[in-house]
Structure formats: structure tokens, C-alpha cells
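**Q** Quick one: structure below, then a few questions.
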Amino acid sequence: MNQMHLASSTAYYPLRKAEIYSLLDEICQTLELTAAQFEAARTSYEAVAEWLSASDNPLLQLIEVYAHGSTGLGTTVRPIAREDFDVDLICKVLRFTADRPPAELKRIVGDRLKENARNASMLEEKKRCWRLNYAREYHLDISPTIINAGCINGGELVPDKKLREFKPTNPKGYKALFERRASLRPVLRVNKALAAQDRAAGVEPFPVHGIAKGILRRIVQLLKRHRDIHFLEVTEEVAPISIVITTLAAQAYEYCVTNFPFESELDVLIETVRMMPHFIERPFVNGRRLYVVANETTIGENFAERWNTEPARVTAFYAWHGKALADFEGLRDLEGVDLIARSLGKSLGDSVVGKVMDARTQAVSQARAGSKLYVAPTVGLTLSTPANATQVRPNTFFGD
């Protein structure tokens, strides 16, 4: 069977790492909401917002509805066990005040949703939100919130799961902080001597595509997918929740890219994962040492709150984190597409990795046959025509 070889010697190490990271980037692309799904979800939540605000209840006539969670952050990952995506929405009811019962806030939002026959047929009540299920596409989780007058960062209050009290949160502030960190770009060193050796060697690696999404978002997506695979057969509810992973990755990423230069994006990924546990706070409160992964944009929200009453979650996090670090770190030393694909399949899922690998092989073969395949300095094989690129001649085989 024809196959393609990644750069395999020590001299080609930086290029090989760039190629591996571009594979990871494409894997993330296959796990995201498609443009059509995103547009459908956007249309749905705009319709929901319009319906809620058109209520005769004066409390609902002044609201804000916006996406938060992975959709708002741009870190969506396709669930493994089902076809639909989670799309998290906030319904901020501006006229509802904290002196009223949290259960009332949830009830009035649900009652209004039920007044629409189509919504009623899709509506499902959850502990803290209302869910609208759009068959085999996505579901909207609508969480009601109110203004948190005590938060200087424009935070909000959300009913707790028992609907007995309001708890602080700040989705907009969290998103703004995450976006600032995601905008940070690492300093990547370029070894010109090794790049020249790469060009002279005649090694034909997978094409390295431009990375447009940003490294932090890709790191979060990869970690969430790795978690989903790691806990696929675990029946206990102990897997790290996405907001804990996202928060620790964002803090670690900022620390890494503002303090160190790197040779490749893959190195940024690995060092970010390595640093994540360092941002878990361990304060003493009433003589007891707690676990805290704080929402830095408001006071009183601890994303790791359940770790302090469910120690199995702590054990599960550290075991998963160690496995994730070992898996991503191990990619740097693998040579050959088959070994890399096998490793990625175990940690990120055979089906999605196979899909990406097959698409790459086909794209490169078609490009070569059509004289649209080029080799460029510091890039390797590419389907575009950057400066100083040299066309790769067609042939009847590719690799060994």
C-alpha cells in the first residue's frame, strides 16, 4: 500500500513536529460544528430570544440571550456517544432581582418556552436550565441568570442546582479573558540550517497547512477529546468537566507563551498541558485544604467545587492528565505515518483520525497528479504556492 513518510531523522525534527501539529489541527476541524450547524444553531437561539422577549410577562421583556461555553469560546468538540452538539445559552433577565426565589426565575423562562408549540415538543427540563432538542443536530441549553450587583466585572447570578439560592458566575467576563489569552502568540524559533537540510533531503512530508484557529483553542479541543476517549468506558461520573480543562489550559498557555520561546506549536501544546496542574489552587479554609479552580472574573465561583466532596474526581483528573501529557509528548519521538496514526487513534479516536489521514493522502495524491503539489522552505509539501516554492513532479507512486 502506498504511504507517506514524515521527516524522520534528527535533522528534520522541527519540521516533523510542525507536521504532527498540523494533523492535530485538522483532527480538531473534524470535531467542530460545521458552518451549517453553527448557522442553524445561531438562527435557533435568535428565534428563542425573540420569543422570550415577546412575552406578556414584564420580567421577560428586557432580557439578553447569548452563547457561552464551548460555542461562545470556539472550542466545540463533537460528542462520542451521540450525534448532537451542546450549544449553551444564557438568558439574562435584567428585571429579575436577587430577592426573589431562584425557582421562580427558572419557572417563568420555562413557562414562556412551553407557550410555543414547537418549543414545547422539544423541551426538556434539566436541573439548572431548559433544553431544546433539535433532532440529531444540536440542543440548546438555556440557563437563566440575573445581574450580580456585587460584581465589579459585570458578573451574573445563576440558580444553583437545587434552585434554593443564586451563585455567582460571569460568562461574558470569562469569554473576554479567554479571548485575550487565545490572542497571545508564542515566539517560535526557526532553525535556518535545519530548514535548509530539510529542503535538500528530498523527504516528502504531509503538507503543513496554516493554523488559523489559534493554538489555545486547539489545545482545549484536543484535551476535551482526549478526555472523552479516556473516560469512554468509565461508568462513574468522574471525568474532568470542560470548564476545568479550559481554565487550566488557558492559564498554563498564557504562562508558557509569555515566558518561553518554542520550536513548534506541538511544543507549546505539550508544555501547556504539563503546566496545567500548577494552576490548581490549594487554599486552607476553616482548617481544611481545598481544591480551587477559580473563575478569575468574579468572586465565589469555583469550577472544581465538587472535587472537595468527591475525591474520586481528583484522582481521575490527575490520572487523565498524566496520560494526556504522556500521549502528546510521545508524538514528538514517533517516526512514520503509521505509528503516528496509530498513536493518535488510541488517544483521539480511530474514526476521526482515519478520516483525516485518508483525506490527506487523497488530497496530496490528487495534487501531485495535477501538478499542484509544491515544496516550500520551512513548510515542506503544500497545496498552495508560497514564495520560493518548487513544483513536485507527478509520478505513479508516493513514498515506499
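Each reported figure results from applying straightforward, stated rules to the coordinates on display, with no laboratory input. Nothing here was measured: the structure is a model prediction, and the numbers come from that model. Backbone-built Cβ (ideal geometry, glycine too); neighbour counts: all protein chains shown.
**Q** How much net charge surrounds Gln61 when only other residues with a Cβ under 14 Å from its Cβ are counted (Lys, Arg +1; Asp, Glu -1)?
**A** With Lys, Arg at +1 and Asp, Glu at -1, the net is 0.
**Q** What list of ³J(HN,Hα) couplings, whole Hz, do you get for segment 299-314 from phi and the Karplus terms 6.51, -1.76, 1.60, once you set θ to phi - 60° and write x for glycine and proline?
**A** Karplus values, whole Hz, x for Gly and Pro: 9, x, 9, 10, 5, 9, 4, 6, 4, 7, 10, 10, x, 4, 5, 5.
**Q** Test of understanding: express the Cα radius of gyration of segment 205-337 as a ratio to 2.2 N^0.38 Å, with N the residue count.
**A** 1.14
**Q** I'd like the distance between the alpha-carbon centres of segment 290-321 and segment 16-33, rounded to an integer number of Å.
**A** Measuring centre to centre over Cα atoms gives 29 Å.
**Q** Would you mind checking which residues have amide H under 5 Å from Phe85's amide H? H placed 1.01 Å from N; only 5 or more apart, or other chain.
**A** Under 5 Å from the amide H of Phe85 lie the amide H atoms of Tyr138, His139, each far enough along the sequence or on another chain.
**Q** May I pose another question? What distance in nm lies between label points placed 7 Å from Cα along the C-beta direction at Asp160 and Asp84?
**A** Each label point lies 7 Å from its Cα, and together they span 2.9 nm.
**Q** Just add up the charged neighbours of Ile90: K/R +1, D/E -1, any other residue whose Cβ is under 15 Å from the Cβ of Ile90.
**A** +2
**Q** Here is a follow-up. Holding the Cα-Cα limit at 18 Å, pick out from Lys127/Lys167; Lys162/Lys224; Lys213/Lys346; Lys126/Lys224; Lys92/Lys167; Lys323/Lys346 the pairs that are longer than that.
**A** Pairs exceeding 18 Å: Lys162/Lys224; Lys213/Lys346; Lys126/Lys224.
**Q** Follow-up. Where in segment 238-301 are there GluC sites (Glu not before Pro) that are in a DSSP coil and have at most 12 other Cβ atoms within 10 angstrom of their Cβ?
**A** none
**Q** For Thr145, what residues show an amide H to amide H distance below 5 Å, using hydrogens built from the backbone and excluding near sequence neighbours?
**A** Those lying under 5 Å, H to H, from Thr145 are Cys91, Lys92, Val93.
**Q** Residue separation times 0.36 nm, minus the C-alpha to C-alpha distance between Ser351 and Ala363: what's the value?
**A** Gain on extension, Ser351 to Ala363, equals 2.5 nm.
**Q** Next question. Rounded if a/c is under 1.5, else prolate if a/b is larger than b/c, else oblate: which is segment 56-174, with a ≥ b ≥ c the root eigenvalues of its Cα gyration tensor?
**A** oblate
**Q** Then there's this: Tell me, what HN-Hα J-couplings in whole Hz come from the Karplus equation 6.51 cos²θ - 1.76 cosθ + 1.60 at θ = phi - 60° for each residue of segment 158-164, using x for Gly and Pro?
**A** So the J values, rounded to whole Hz, are 10, x, 6, 5, 8, 6, 9.
**Q** Moving on. Lys and Arg at +1, Asp and Glu at -1: add these up for the other residues within a Cβ distance under 11 Å of Ser347 and post the number.
**A** Net charge around Ser347: +2.
**Q** So, one more: Using θ = phi - 60° and the Karplus curve 6.51 cos²θ - 1.76 cosθ + 1.60, what whole-Hz ³J(HN,Hα) does each residue of segment 29-43 get, with Gly and Pro shown as x?
**A** Running phi through 6.51 cos²θ - 1.76 cosθ + 1.60 with θ = phi - 60° gives 4, 6, 8, 8, 4, 6, 4, 5, 5, 4, 5, 5, 5, 4, 4 Hz.
**Q** In nm, give the distance between the simple-model label positions of Ser53 and Gln29, each being 7 Å from the Cα along the Cα-to-Cβ direction.
**A** Simple spin-label model gives 3.6 nm for this pair.
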